[in-house]
Each structure stands twice: as C-alpha cells, then as structure tokens.
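The values are calculated or read from the model by the stated rules, or taken from the named source; none is laboratory data. This one's a predicted model, so the numbers in the text were calculated from it and none came from an experiment. Positions of Cβ are backbone-derived with ideal geometry, glycine not excepted, and every protein chain shown enters the neighbour counts. The area values use the complete protein model at the heavy-atom level, side chains included, leaving out ligands, DNA and RNA. Shrake-Rupley method; radii C 1.70, N 1.55, O 1.52, S 1.80 Å.
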Amino acid sequence: MRNHLIAIQGSVASFHDLAAKKHFGEDISVSECGSFKEVCDQIANNKADYGILAIENKVAGSILLNYLLIEKYDLKVIGEIYLPIELQLLGKADSTLSDIQEVISHPMALGQSQVFLSEHERISVTEFKDTSSCAKIVAENASNKIAVIGGPTLAKLYNLKVLVDNVCDVKQNFTRFYILSKGSDYVSDPNKASVTLQVLNEAGKLSNVLDIIKKYGFNLSKIQSLPIPNNSNAYPFHLDIEFDNKNLFEKCISDLQQETVSLKVLGVYKSQAQTIKFNEN
C-alpha cells in the first residue's frame, strides 16, 4: 500500500505537518503548499489524497477564509484534529533577547503572542507563510538580530536557541484542524457533523434553527457566521453539531431543511476534542 500524500499549508515541522502526522501517522508523504487555497486545489484536482486545514485557534479565533474555501472546492470534512500549541521565541545560538530587532512568523502564531509582542515594541514584526519556513530563514541568516515565534520542534530541526519560552497569550492553547478529502470517507459510529446553511434575513429564522437542534438534544459546539457578498436577503452560518444517534441526526437535518434557504452537510466524523493533552509545565 502506498503512503498517503497529504497536502499541508507550510513546510515539514510546521503545525500543519504535526497535525497531519498526528492523524495519519508518521508513514506519510506531504505536499508543501504556500497557501490554504493551494491545499484545497491539490485535493480537488487529485494531486493529494487528503489535506489538513486549520479552522480555528483558541486565542486567534476562526479562519473565515478556510470555511469559504471548503465550500468553494466542494470538499468533504472527514475528521478533525486538536493540536496543543506551544510557542517559543527562537533565535540563533549566539542570540539573546536584547539582540533581537525583528520577529517573523505565520500570522496565526503572531496573533497568539500579542501580549509578549506588546511588551517588546522595539521589535518589528513581519508576517510570513508558515513557522517552519521562518525558522529556516532565521537559521540560515548571518545576523543574530532576527528570531521566529514557533513550536519546540523547530528548535530541534533547525538547531535554534530558545530565547523566551511560552510566549503564547494562553498556556493551554490549541488549534483545530479539519481533515479534508475530495469524497466522503466511511466513518463508523460518527458523533459530529459540520454543516453550512443559509437562513432568510427575517426575525426568528436563526432562532428556529437553534430550536430544532435543541429539540433533538444535540450539542451545538460551533456556530460561525460567514460573509456573503452582495446578498442582504440571507445569512450563511457554519455549524458543528455533536450527536449520539446518526439516524436522529439525519431527521434533524431534514427538519432544518424546512427552515433554511440552503443546507449542506460538509461531513460526519468522530469528535476528537477529548484527546487534547497539554504539558503540565
């Protein structure tokens, strides 16, 4: 059996790469993509078997673009991964914090380190495509005045020095990733679903949707409004619904269709939230 080829945003040792290996195991090949759009494009055009896409972070919030990309490319959500995020300030071996004049990292990592960055306003901040590529830039740069915010794996891979440990605004931070494919995968005993729907811009329409979910006793673990250009008649929402009976879930979807302009089940899968394990330090 050939190894799965997984499309990831970023490079080896980036958080997307770690999430891919956590879900699929170490025996995979990765296709390094420069953007979230490229990840979706590779899945849709059969250039990769599966893809990993960050969808929300505990500190920085939802990545709205990725919800829209999943729909645009008609991809299926077949699973999820919650990855604990530990962030450090990493520099060259001869660097100290007082040497650093510029920090580079992915926008999400920077967004999760705002307290630290605000305490060091003298340091300029530059966004880049992923944490792993930033670590490589720091390692190969002749200057010791540049550093990266990234995870501990990068320090080992690029032989960087931890200048400041735990720069994240929240200690028990995590990012949630969707596992994506072009078609649906069979999942035994699913207990979670991702759904997009649109409701008319009228009083009580969203409340009716929530009442139906409540009637079935399901947990709504996520509700996210989405932008929709040039349409003031309807509002789109993304829902993550947790259930314990798939047949009841399908009846719930049937009821929801009566209250919505459009509805699409992006995928049913097993919830992974209970598997998050944080370092106790």
Residues satisfying the stated conditions in segment 134-174, i.e. open to solvent by less than 20 Å² (accessible area, probe 1.4 Å), closer than 22 Å to L53 by Cα and not in a strand (DSSP E or B): C134, A135, G151, L154, C168
Qualifying residue in segment 196-215 (condition: surrounded by fewer than 12 Cβ atoms within 10 Å (Cβ to Cβ), of a type in the set (G, A, S) and modelled with pLDDT under 90): no
